[in-house]
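A.B. asks: Here it is: the structure, laid out below.
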Amino acid sequence: MATQRRAKELPGEAEQIDTRAFAPELCRSEKTPPVGDGWLHETKWDGYRIVAVGAKGKVRLWSRNAIEWTHKVPELAQAVASLGAHSLQLDGEMVVLRGERDDFNALQARLSAENADPAIYVVFDVPHLNGHSLRKVPLLERKEILEKLLRSHPHPLLRYSEHQIGNGAAALARAISKGYEGIISKRTQSPYCGTRNGDWVKVKDRPSDEFVVIGYTEPKGTRSGLGALLLAKPLDGRLVYIGRVGTGFTDALLRELRKQLEAARVKETPADLTLMDRKDRAEARWTRPKIVVEVFYQGLGSTGLLRQPAFKTMRLDKKVKDL
C-alpha cells in the first residue's frame, strides 16, 4: 500500500485551506461514560490542546483559542511537516510523558525551559487531509485515515490516540488504574463540527474545572505569598463568586502568583458576590479577572460554593472567554 492515502482515494469534499486556526471539537462533562457500541473511548490526556494546520509547505500550531504556538514548540511543527501531506488539519493534545504517564507540571516546566523533556503530540482527529474536508466523514473512518497516515510516516514526537469501542465503564476503570485522570468518549459516527454538541464527552475520576481568579487573601502564620485565591465562574453573561482555594500550591507558585495579582489590583470586583460572606469580603484583595486556574473539587456544598477545592494548575492556554 502507498505510504499515504492518495487524494483521489479520500472521502469527503474538495477543500482548499490556509494555515489559520480552526475551531476544535469541544467536550461536555459527564459523571459516567455513555453506554453502547455507538461510542468509542480514548484516554483523557492532561496537557494542552493543540490544532496543527499545514498548507503550501508551511505548518502552524495553534491553541484551542487560536493563539499561535508554533514558535514555542517548533519541533512539533517539523514533526507534523514530516507527514508529507500537502495540506492537513490535525487535532490533538501536547503532553510530556514520564514513562507512559502524562505529567502536566513537567509540560509546563518544558515550555518555560526548566527541563528538556520532549513534548509529544498525541493526535486524535484529522478534519482535513490533502485537499479534502473530512469533517462530514464518520469519526471511525477519520481515525482509520489518521492511523494510516501516522504509521506510514512514524515520528518519535507524534503518537496516535488509541481507542476502545463500547464498554466505557471498563475503559474508565483501566484509565484510572494506570493513573490517568479519565477518558474522552466520542460517537463513532459523528462528524467534526467544532462545537460542544454532545458528540464528545469527558468523564474524569477526580472532577476539576477552570475558574477565573478575581482576588486573593493575605497569608496567615508562616505561609508566604497569599492565603487563598478567590474564584468566579461565568454565568448568564456575568462572573459569579464560586469559592476560594488555598491548598495545592508550592511556595514558589504562591510567591509568583502574588506578584502577578498585585500588578492586577483593582478597588472593586465586577463579580457577583451574593454567595460570599461579608467577613470574607472585608479580607479580600480584588484583581482584574484575567488569570484562569484549574481546581479539583467535590461538587458544590449547601451554600453553592466549591466543596473541598484544591489547586491543580494554571491554565496559560485559556482565557476568561473560554470558560
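The values are calculated or read from the model by the stated rules, or taken from the named source; none is laboratory data. Everything numeric here is computed off the predicted structure, so don't read it as measured data. Backbone-built Cβ (ideal geometry, glycine too); neighbour counts: all protein chains shown.
A.B. asks: Listed residues 148, 136; which is under 16 Å from residue 84 (Cβ atoms) and either free of Cβ contacts under 8 Å to residues at least 24 places away in the same chain or in the same structural domain as residue 24 (by TED's automatic domain parsing) (or both)?
C.D. replies: 148
A.B. asks: Within the range 138-157, can one find any residue that is touching a Gly at 6+ places or on another chain (Cβ under 6 Å) and among the hydrophobic types (A, V, I, L, M, F, W, C)?
C.D. replies: Taking every residue of the range 138-157 in turn, none turns out to be touching a Gly at 6+ places or on another chain (Cβ under 6 Å) and among the hydrophobic types (A, V, I, L, M, F, W, C).
A.B. asks: Name the residues in the range 281-307 that are free of Cβ contacts under 8 Å to residues at least 24 places away in the same chain, surrounded by 12 or more Cβ atoms within 10 Å (Cβ to Cβ) and within 25 Å of residue 224 (Cβ to Cβ), would you?
C.D. replies: 281
A.B. asks: Mind listing just one residue for me: the one in the range 127-168 that is basic (Lys, Arg) and under 30 Å from residue 32 (Cβ atoms) and, of those, surrounded by the fewest Cβ atoms within 10 Å (Cβ to Cβ)?
C.D. replies: Step by step, filter the range 127-168, then rank; the result is 136.
A.B. asks: Quick check on residue 239: is it in a strand (DSSP E or B), surrounded by 13 or more Cβ atoms within 10 Å (Cβ to Cβ), over 21 Å from the mean Cα position of the chain (by Cα) and assigned by TED's automatic domain parsing to the domain that holds residue 292?
C.D. replies: yes
A.B. asks: Restricting the search to the range 248-261, which residues are closer than 13 Å to residue 219 by Cβ and loosely packed, with under 13 Cβ neighbours inside 10 Å?
C.D. replies: 251
A.B. asks: Please go through the range 279-323 and give me each residue that is under 16 Å from residue 217 (Cβ atoms) and either assigned to a loop (DSSP other than H, G, I, E, B) or among the small types (Gly, Ala, Ser) (or both), ordered by number.
C.D. replies: 282, 284, 291, 305, 309
A.B. asks: Further question on the same structure: Considering only residues of the range 89-109 that are of a type in the set (A, V, I, L, M) and either farther than 24 Å from residue 43 by Cα or free of Cβ contacts under 8 Å to residues at least 60 places away in the same chain (or both), which is surrounded by the fewest Cβ atoms within 10 Å (Cβ to Cβ)?
C.D. replies: The extreme case among them is 109.
A.B. asks: Do you know which residues across the range 41-56 are farther than 27 Å from residue 30 by Cβ and either in a loop (DSSP other than H, G, I, E, B) or not β-branched (Val, Ile, Thr) (or both)?
C.D. replies: 52, 54, 55, 56
A.B. asks: Check 63, 82, 112 and return the single one that is out of contact with any Cys (no Cβ under 6 Å at 6 or more places or on another chain), hydroxyl-bearing (Ser, Thr, Tyr) and buried (at least 18 other Cβ atoms within 10 Å of the Cβ).
C.D. replies: Criteria check complete, one pass: 63.
A.B. asks: Please find, among 248, 198, the residue that is out of contact with any Cys (no Cβ under 7 Å at 6 or more places or on another chain), modelled with pLDDT under 90, small (Gly, Ala, Ser) and in a loop (DSSP other than H, G, I, E, B).
C.D. replies: 248
Results for (1) among the hydrophobic types (A, V, I, L, M, F, W, C); (2) at pLDDT 95 or above; (3) closer than 25 Å to residue 108 by Cα, shown as yes or no for each residue.
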| site | (1), (2), (3) |
| --- | --- |
| 45 | yes, no, yes |
| 52 | yes, yes, yes |
| 72 | no, no, yes |
| 76 | yes, yes, yes |
| 92 | no, yes, yes |
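A.B. asks: Against the definition (within 28 Å of residue 152 (Cα to Cα), in contact with a helix residue (DSSP H, G or I) (Cβ under 9 Å, 6 or more places away or on another chain), surrounded by 15 or more Cβ atoms within 10 Å (Cβ to Cβ) and modelled with pLDDT of 95 or more), how does residue 123 come out, yes or no?
C.D. replies: On the way: within 28 Å of residue 152 (Cα to Cα): yes; in contact with a helix residue (DSSP H, G or I) (Cβ under 9 Å, 6 or more places away or on another chain): yes; surrounded by 15 or more Cβ atoms within 10 Å (Cβ to Cβ): yes; modelled with pLDDT of 95 or more: yes.
The answer is yes for residue 123.
A.B. asks: Given the structure, is residue 145 in contact with a Leu (Cβ under 7 Å, 6 or more places away or on another chain) and aliphatic (A, V, I, L, M)?
C.D. replies: Considered against the rule, which asks whether it is in contact with a Leu (Cβ under 7 Å, 6 or more places away or on another chain) and aliphatic (A, V, I, L, M), residue 145 comes out as yes.
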